[in-house]
Amino acid sequence: MSGSRRLVLLLGVPILALGIIAVVLMNQDGTTPTPGSSGGTGTATTRLDPSRLEAISALTDLENSLALTPIRIEVSESSFSLLPAAIGFDLDEQATLDAALADRSLDAILEELERRGDDAGGGLPWSISGTIDEAALDGLLDLYESALVGPDEGGIDIRGAAPVARYPRAGFVIDRAAARNQIVEALLNQPRADTVRVPTVEVQPVLPMAAVDAALEEASVLLAGPIILTRTDPDATLNLSVAQLARALTTEVVTDPGPGLRVDLDRAVIDEYLEPLRGGFEAPPTNAYILIDDQETITYVPGFSGALLDVELVIRAIEQATRRDSRLSTLPLQTGVEPEITATDLAAMGPLSMISEFTTQHNCCQPRVQNIHLFADVMDNVNLLPGETLSLNETVGERTLERGFLPAPTIIRGEIEDQVGGGVSQFASTFYNAVFWAGLEVIDHKPHSYYFSRYPMGIEATVSWPVPDLVFRNDTDAPLVIKTSYTRTSITVRFYGNNSGREVTATVSPPYDPVPYPTEYVPNPEVMPWDPPVEVQQGADGWSVKVTRDIAFTDGTTSHEEWTVRYRPWALRFEVHPCQLPEDAEDYTGEPCPAHPDFPDGYPTTLPIDPDAEVPEGEGETGGEGETGEQAPETTDP
């Protein structure tokens, strides 16, 4: 058992001695047989020696006591308290008992253990065996070493914007090997020592003072004044103040070819200074890509070389400017940067063909349809190289009015509400089925919380911003091209690639574990108590289905996936006057009902509604073209 794991047992629950003791072979006369012997009569019986069990149990109690009794660690003028349990102290009960049995009986051992009891400082007249977690001890030694004035190799500090030399100095560190040995010995010694003073050693710096002087001179030149890098075609200027240069200055101790202190500029800081200039004239190289038109013609579009602000080149220009009285230099622009992927590279990955296609239908001309079409436009001809992962949300981005997305029904925490970009789960379910039937790796997807008959039961997905998302990986050896198309009443997603002829089979179980729909009442003061309740939502039961997907690969291997999809019930919902709300309704106020002008002494009422009354079966859809797509973790379904 590892030290860290054993500590969990020590500190969390009582240790049962019977769970860790060995079975001892005993002769019929009660003595322990020697190796190779068969006992006094040629046969032996196997049983537990109660005295040995008792000794092991007592040693386990001793381990707990020792592990939770701290010792004092002194380092120079400081002291610390070390809890042995924190470094995985682990007593080897068997080895400790065997050592004691070498020159004393079990009865004598039990008497000594009983005498000692829980007195951690009492000690035993024989040695004990155990281990510690060396990594945990090293972590504590790091802490203890902070009490020492350690060695410093020196460097360049910045005060204000001026460089100042920090010369090397000797210092002290803990002698790790000796300290480990002393602490382990102290933990195992009987009686245990109360205090351990760990040894320290003086360490001399490697760097000579002359190296710091040389670095100071170099840093002083770098920070002697502002630096300006400029260029034309296109026009751009990088102004670096002394304070900016000082912030970017770094030093590093080097030993090759000899000890020295290298002055340099932090790449990340310089890159930060370049960021405002990049958009003005930087043109990153464009990778080649694959374009598929509506006639399924495949075209390999060449990439383009680009122009970049290279941080390394900029740092060289800064160093050049420091050697000039003007402190001016040219802002370098690296041109002719080739793309990472060329058309030749793509073509060499093999021929492409359609590997999956899926279409779903929808009603025409609703706001959600425009949202679906915008999704399709963004995703059309998206390329995914082998091994790359695609997130539908990251690729499409946030749905906003500025981008043309419209408010449309979305289910949020079980309620249908209009939200900008609503209804796009129609695209998500279509897209998911293309991924599913192509046999590609699905990393993240979430089915709808409520059933919609326009999607395949169990094999569907919902998305919203920023969650839930739909994520998959191109786990083939060929590029993947996503092709989308749509009509006024349908959306189609096709995948083009080469999945090496993967065969996909799937099953969806019949619905099971039905959940009856509830009846809910919504207050509406415009519905009079004498009017019949207004049905605003049909009820539909919930249920579960089990989905499986099996993929057969051409190399003879297969994969099997299965999961459960649970659909919530749609509540049968009525609008009633607030005075007719049931007492257990969330909006119940107990207000009296108004008087009917024609029945001052009372009028017939249609409530309460019989919750067991039959109602027309719903299709699981409401609010026009409602979509699920919870908006935050607290609204996602379990």
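The values are calculated or read from the model by the stated rules, or taken from the named source; none is laboratory data. Predicted, not measured: the structure shown is a model, and the values here were computed from it. Cβ: placed from backbone, ideal geometry, glycine included. Neighbour counts: every protein chain shown. Note: accessible area is taken over every heavy atom of the protein model, side chains too, but ligands, DNA and RNA are not part of it. Shrake-Rupley method; radii C 1.70, N 1.55, O 1.52, S 1.80 Å.
In table form, for the structure just shown:
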quantity	calculated
Search result, residues across segment 171-198 that are among the β-branched types (Val, Ile, Thr) and either modelled with pLDDT under 95 or buried (at least 17 other Cβ atoms within 10 Å of the Cβ) (or both)	ILE174, ILE183, VAL184, THR195, VAL196, VAL198
Among residues of segment 69-90, those that are outside any strand (DSSP E or B), crowded, with 22+ Cβ neighbours inside 10 Å and over 39 Å from the mean Cα position of the chain (by Cα), counted	0
Residue in segment 560-577 that is modelled with pLDDT under 85 and in contact with an Asp or Glu (Cβ under 6 Å, 6 or more places away or on another chain) present	no
Tally, over segment 318-352, of residues that are under 41 Å from the mean Cα position of the chain (by Cα), in a helix (DSSP H, G or I) and either of a type in the set (A, V, I, L, M) or farther than 23 Å from LYS483 by Cβ (or both)	5
Residue in segment 111-123 that is modelled with the lowest pLDDT, counting only those that are buried (at least 16 other Cβ atoms within 10 Å of the Cβ) and over 47 Å from the mean Cα position of the chain (by Cα)	ARG116
Test set (1) within 40 Å of the chain's Cα centre (by Cα); (2) closer than 27 Å to GLY260 by Cβ; (3) surrounded by 16 or more Cβ atoms within 10 Å (Cβ to Cβ) - PRO163 fails condition number	(1)
Any hit, segment 531-548, residues being more than 22 Å from ILE416 (Cβ to Cβ), touching a helix residue (DSSP H, G or I) at 6+ places or on another chain (Cβ under 7 Å) and not polar (S, T, N, Q)	no
Elements of type strands (runs of 3 or more DSSP E) in segment 150-214, at least 3 residues being closer than 26 Å to LEU91 by Cβ	195-197
Hits in segment 532-543 (condition: part of a loop (DSSP other than H, G, I, E, B), farther than 23 Å from HIS448 by Cβ and open to solvent by 50 Å² or more (accessible area, probe 1.4 Å))	PRO532
Every residue from segment 392-403 that is open to solvent by less than 10 Å² (accessible area, probe 1.4 Å) and within 15 Å of ILE443 (Cα to Cα)	LEU392, ASN393
Check on ASP61, open to solvent by 10 Å² or more (accessible area, probe 1.4 Å) and under 48 Å from the mean Cα position of the chain (by Cα)	yes
Subset of segment 463-487 [in contact with a strand residue (DSSP E or B) (Cβ under 9 Å, 6 or more places away or on another chain) and within 17 Å of PRO386 (Cβ to Cβ)]	VAL471, PHE472, ARG473, ASN474, ASP475, THR476, ALA478, PRO479, LEU480, VAL481, ILE482
Scan of segment 244-284 for residues that are in a strand (DSSP E or B), within 26 Å of GLY336 (Cβ to Cβ) and touching a helix residue (DSSP H, G or I) at 6+ places or on another chain (Cβ under 8 Å), ordered by number	LEU265
Breaking point among (1) in contact with an Asp or Glu (Cβ under 9 Å, 6 or more places away or on another chain); (2) hydrophobic (A, V, I, L, M, F, W, C); (3) part of a loop (DSSP other than H, G, I, E, B), for CYS364	(1)
Tabulated pairs, segment 551-562, first under 14 Å from TRP437 (Cβ atoms), second assigned to a strand (DSSP E or B), C-beta under 6 angstrom, 6+ apart or interchain	ILE551/VAL504; ILE551/SER559; ALA552/GLU503; ALA552/THR558; GLU561/ARG549
Per-region count, segment 190-237, residues farther than 30 Å from SER326 by Cα and without any contact (Cβ under 8 Å) to a residue 60 or more places away in the chain	10
Exclusive hit being among the polar types (S, T, N, Q), open to solvent by 20 Å² or more (accessible area, probe 1.4 Å), within 30 Å of LEU238 (Cα to Cα) and touching a residue at least 12 places away in the same chain (Cβ under 8 Å), set GLN361, GLN370, GLN320, GLN334	GLN334
Scan of segment 468-505 for residues that are charged (D, E, K, R) and either on the phi > 0 side of the Ramachandran plot or buried (at least 23 other Cβ atoms within 10 Å of the Cβ) (or both), ordered by number	none
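Residue by residue, here is whether (1) part of a strand (DSSP E or B); (2) within 30 Å of the chain's Cα centre (by Cα); (3) closer than 30 Å to GLY497 by Cα; (4) acidic (Asp, Glu) holds:
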| residue | (1), (2), (3), (4) |
| --- | --- |
| ASN383 | yes, yes, yes, no |
| PRO386 | no, yes, yes, no |
| GLU394 | no, yes, yes, yes |
| ALA408 | yes, no, no, no |
| ASP418 | yes, no, no, yes |
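Listed here are the residues, each with its yes/no results for (1) small (Gly, Ala, Ser); (2) touching a helix residue (DSSP H, G or I) at 6+ places or on another chain (Cβ under 6 Å).
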position	(1), (2)
ILE56	no, yes
LEU59	no, yes
SER76	yes, no
PHE89	no, yes
ALA108	yes, no
GLU114	no, no
THR131	no, no
LEU137	no, yes
GLY150	yes, no
